[in-house]
Amino acid sequence: MKFILRNVFACTALIGFSLGFAHAQDFTSSYLALGFTPGSPGFSSFSVDSLGGGALNKNVILDPKLPATGYRLEKEAKNKFEYFAKLPDGSESTIWQAEVSDKQIVLKSNFIPGVNAPPFLLQMKHDSFATLLGTLQPGVLRTNVPCILHLPGMGTFRITSSARDAALDYDARRRGGGFVMVDFPAATESQKSVGYVLDVVEIHPDLPGVSTNPLYEAYRRDFLNLIQFNPRLRTLANNSGSDSCGFCFYEYSELGLQAPPLASGLTVLDLVRVSVERILNSGLTYGQVGYGKTQDYPDAVRWRSRYDSLDLAPSVLIASCQYIEGKGDMTWAAANFDRLAAMGSKMLASDTSGNGLIKYPVSGNSGSYATGNRPSNWWDTVGFGYEDAYANALAYRACLLLSEVATKLNKGAQAEQFSAAAQKIKAAYYPTFYNPQTGVLAGWKSADGKLHDYWFTFVNGMAISFGLVEDKKANAIMDALLHKMDEVGYTHFELGLPGNLIPIRKEDYLPGDKRWGTPTLDDGSDGFQIYENGGATACHTYWTIHALYKLKRTSDARRIFYPMLKSFAAGSFQARDPNGMSHDWTDWQGNGHGYEGFLTDEYLALLAVKDDIEAGP
């Protein structure tokens, strides 16, 4: 892949800037706080509050003191700024103009013969987790306009241009200095004038009362937090500088089905399609054998397993089918159905026992991960294997959706194949995973016939959400789960939910160190509450909350969800402790044990706002 190169000026002295501005602001409103760099076209400070509440204390700019490039900045009025270029005859001419109003930034560039004008720079710290959402041009890191610039916890811009074929340079890395770069190319001889308009917007479904209830503030500002696009991988990813995980694609399509259009000709589902096509065209994501560092993307974390994760195929299939459903794109469906059906058939072929449940090649027996493989699903330090309740819930959903697509394409035999497969999974699911000793569904059943049950909140929530458990049994499961939550003393719902409510034994956890929740004691107690060994997170809480709303247990759902909404609004899940550990995972006292700093999976929970509104007062 050919990359467009731009200078990114890392500055190690900028650690404290995330808490406030270190450069004078040249313009402020209740929506914007901006500074312009003297001597070089670009922003020296940049903050936005899409809700207009004046929450503008975070400057996302990587380096507010860019080296001077010979362009003089002049403030024409309180909201008008111009950069002048010196011409050979000693005179000056405007090369860039910026005009700012309450909720809008307008950048204009004029071509001057003999002047090689620089782009207007917006170079942000990686930990801003800014992302540019749009369609990339082939082979280069350039995003077509219109597009969306989203800054989690802050706000959103819709970027448009009157110029033909307008595009922005976009790059991001979490290492190598760490940056998110969105640069605005200057006018050229062939395009003598170019303008860019950045409008502050809210992008979320227009649900009844959502704009008037303060409880839903995070929904209005952060609905798009789940959607981060990595330009080097050219797919949706954990964040703009992090890995793309195919086993997360179904989360993006879940949101995409509800999301309004981003801009003219651009939807979230368009970005889902682009991401799915990477895998359909033999590209790799984390969760697939062979994924690792490349020349284009040297920051990749290698997938350390001999097998693809068991949840990858169902996730890609769900995302593909939901794209087809949401866009009504039967042309794409017809062109890609054979590949989707082949992926579905291969997934079902993993059922080596014939009971209908898909299976991971690693046994899942206690101690089976000492050999170096990874567990079977998203929860990649917990010993899920063989018959995996999480992956099979996704496989059930994938088969139902694939059958619906086959029916629309008049492919009767395949519609019946995947419908029958879904029913076979459902028939086996509850009898296989239900643990009568606890009254809830276990996480996995290993090849030796043992149930591995650690009171997994997300497994039970997802199974109920997808309709794998009928309501009477589902209510009994939720009774048991909530009772256990009270019994173990978990009440800090502002932190999210633990994935499991009791310690995972050493024999059922991936070998490693305590940093990742790996215990040294056999009972797992010394690793408990750290990372995936019972750590609190907003990741996958949506399924538990959604299941409670689905069962009409509104007060139970709100007991969990309302404190989380307040934490989302406060940006608590993006915080870091002084030791650098982030709050995408915490212990039950709120101490950070995460590493990404921003993990998109957490923000799927915002979809439960729709459930809450539909539940009524």
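FYI, it's all coordinate maths here, none of it is from the lab. This is a predicted model, so every value here is computed, not measured. Cβ atoms come from the backbone with ideal geometry, glycine included; neighbour counts cover every protein chain shown.
Quick look at the numbers
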{"quantity": "FRET E, pair Lys552, Thr491, Förster distance 30 Å, beta-carbon r, rounded to 0.05", "calculated": "0.85"}
{"quantity": "Globularity index of the range 12-201, i.e. its alpha-carbon radius of gyration over 2.2 N^0.38 Å", "calculated": "0.98"}
{"quantity": "Cβ charges +1 (Lys, Arg) and -1 (Asp, Glu), total dipole of the range 305-453, debye", "calculated": "120"}
{"quantity": "Expected-Rg normalisation [2.2 N^0.38 Å, Cα atoms] applied to the chain", "calculated": "0.99"}
{"quantity": "Spin-label model distance (nm) - Phe111 vs Lys86, 7 Å beyond Cα toward Cβ", "calculated": "2.6"}
{"quantity": "Computed E for His483/Ser93 - FRET, C-beta separation, R0 56 angstrom, nearest 0.05", "calculated": "0.15"}
{"quantity": "Simple label model, 7 Å out from Cα along Cβ direction - Lys450 to Ala615, nm", "calculated": "3.8"}
{"quantity": "Virtual spin-label span in nm between Ala335 and Ala77, 7 Å along Cα→Cβ", "calculated": "4.8"}
{"quantity": "Angstrom value of the Kirkwood radius, inverse mean 1/r, which spans all Cα pairs in the range 471-512", "calculated": "12.2"}
{"quantity": "nm² value of the averaged projected area, convex hull over the Cα atoms of the range 305-453", "calculated": "9.0"}
{"quantity": "Reachable lysines from Lys424, criterion Cα separation under 24 angstrom, eight or more residues apart if same chain", "calculated": "Lys346, Lys359, Lys408, Lys411, Lys445, Lys450, Lys472, Lys473, Lys550"}
